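Readers should treat all values here as calculations from the given coordinates under stated rules, not as data from a laboratory. Nothing here was measured: the structure is a model prediction, and the numbers come from that model. Cβ coordinates were reconstructed from backbone atoms using ideal geometry, including for glycine residues, and neighbour counts include every protein chain displayed.
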Amino acid sequence: MSTSTSDTVSADLTLTRNYVRDGKVMQIATLAESGEPVVCNLWYASSFDPDRLLFISRPDRAHCRNIRADRRVAGAVLTIELDGLGQEVQGVSFAGTARQVPDESAPALLPIYHGRWPAGSELANRELMRADANAHRLYEIQIHRWILFDEVNHPDDPRRVIELATTI
């Protein structure tokens, strides 16, 4: 990879991470048992190196059941206020692998989510997880690929694919 290509990828990754860090709600698509995609909206928090998204949800929700059956997910984060048709778009989509974080590992990662969404500490915490099998749990999406779409910074070629090494 040439220096200019490496610099461009690095700049695109920084821009992508900033957009994800600033976003609030993501859409994720999971696969139902029938193979049909199912989309839902979730509040999330992000963490990088490794790149991951964290959310809390009840284990009985459709997207959580789908993740237990098939860990593959895709999703998107829109990073702009919408004004109207024709507006330049800036957003990020992703592909990755999701899992419910084991209860014993959750205390190490919950502060990332609670730091972003303090009210989440009343929904998902170690005590509730121990007391109620149906209480909110923490989920993690390990990002395999970011797709930056930025018509402002890259008007001639707005779609940028950034492949990441995976660890899950």
Practice task
Classify the chain as rounded, prolate or oblate, taking a ≥ b ≥ c as the square roots of the eigenvalues of its Cα gyration tensor: rounded when a/c is under 1.5, otherwise prolate if a/b is larger than b/c and oblate if not.
Solution key: prolate
Problem - Pair Ile80, Glu33: separation of 7 Å Cα→Cβ label points (nm) - result: 4.2
Completion exercise
Between Val25 and Ala131, the FRET efficiency computed from the C-beta separation at R0 = 22 Å comes out, to the nearest 0.05, as 0.20
Exercise for the section: Calculate how steeply helix 106-116 sits against the longest principal axis of the alpha-carbon atoms of the chain, using the helix alpha-carbon long axis, and give the answer as 0 to 90 degrees to the nearest 10. Expected result: 60
Fill in the blank from the handout: Full extension between Leu123 and Arg145 adds, at 0.36 nm per residue less the Cα distance, a length in nm of 4.9 nm
Exercise for the section: Per residue of the range 46-55, in order, report the coupling 6.51 cos²θ - 1.76 cosθ + 1.60 (Karplus, θ = phi - 60°) as ³J(HN,Hα) in whole Hz, putting x for Gly and Pro. Expected result: 10, 8, 10, 6, x, 6, 8, 10, 10, 8
Practice task
Can you work out the PRE-style zone for Arg58? Point 7 Å along Cα to Cβ, and I want the residues of the range 132-147 with backbone N under 20 Å.
Solution key: 132-140
Completion exercise
Over the Cα atoms of the range 96-157 the radius of gyration and the largest Cα-Cα distance (Dmax), both in Å, equal 16.4, 54
Practice task
For helix 3-22, report the angle its Cα long axis makes with the longest principal axis of the Cα atoms of the chain; keep it between 0 and 90° and round to the nearest 10°.
Solution key: 40
Handout entry: Backbone HN-Hα couplings from phi across the range 141-152 [Karplus 6.51/-1.76/1.60, Hz, Gly and Pro as x]
Key = 10, 7, 7, 9, 8, 9, 10, 7, 10, 9, 7, 7
Exercise for the section: Return the distance in nm (one decimal) between the two label points of a simple spin-label model at Asp70 and Arg159, each offset 7 Å from Cα along Cα→Cβ. Expected result: 2.2
